[in-house]
1. Taking 8 Å as the Cα distance limit and 6 or more residues as the minimum spacing, I'd like the relative contact order of region 27-161 as a percentage.
2. Can you give the accessible area per residue of region 36-187, in Å², using a 1.4 Å probe?
3. Excluding same-chain residues fewer than 8 positions from Lys90, which lysines have a Cα within less than 20 Å of its Cα?
4. Over the chain, what percent of the accessible surface lies on carbon and sulfur atoms, probe 1.4 Å?
5. Against the longest principal axis of the chain, how steep is helix 2-15, in degrees 0 to 90 to the nearest 10, with axes from Cα atoms?
6. Please report, in Å, the Rg and the Dmax of the chain, where both are computed over Cα atoms only.
Amino acid sequence: MKKSLIAAALSTALFMPTFANAADYKIDTAHASVNFKVSHLGYSFIQGRFNKFDGQFSYDETNIAASKITVNVDTSSLDSNHAERDKHIKSDDFINAGKFSEAKFVSQKFTEKTDGSLAVNGNLTLHGITKPITIDANFVGAGEDPWGGYRTGFQGTTRLQLVDFGIQVMGPASYVDMELNVEGIRQ
């Protein structure tokens, strides 16, 4: 009887699927960035970044669909390397950072594409409006850092249509391109 119980337990353990748990990460803002690029009157591009943001993500390389991310951006930290322009972009003429001081992205679904890249679908709240967006992302790398931690990094891009978020369009371009570099420290 005892041998049959051991055999049954062993058999169950061998044939049960194993599930890897997603690892949780805190975004290391010193090694991450939220950047933007927008047309300037159709003649050139203005590039900038948001200097203050935070977030966390869970990532399971064996079960991509179980992954998730949340990022909070302080819109008043917009920096295009020109103080007067920044003041104008942050005004109620555009993103109205005084009223809408936070933008937030919360993922709903991670999908691995045939080329190995990722589609991260989720909801972005910007300028008081929440809309679904897709971020095209790539795994950059993972490994131990010199301080005994473990890090994982991704790079992503998306194009936001300004009118979708009730933001005034100036000039011929109706969109802003976002570039996201995310490095997280496993918790």
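1. Details: 252 pairs, mean separation 19.2, N = 135.
Relative contact order of region 27-161: 14 percent.
2. 56 Å²
3. Those lysines meeting the cut-off are Lys37, Lys52, Lys99, Lys104.
4. After summing per-atom areas, the C and S share lands at 53 percent.
5. The angle comes out at about 30 degrees.
6. 21.2, 83
The values are calculated or read from the model by the stated rules, or taken from the named source; none is laboratory data. On a predicted model such as this, the values are computed, not experimentally measured, just so you know. When the accessible area is computed, the model is the full protein with side chains, heavy atoms only, and any ligands, DNA or RNA have been set aside. Shrake-Rupley method; radii C 1.70, N 1.55, O 1.52, S 1.80 Å.
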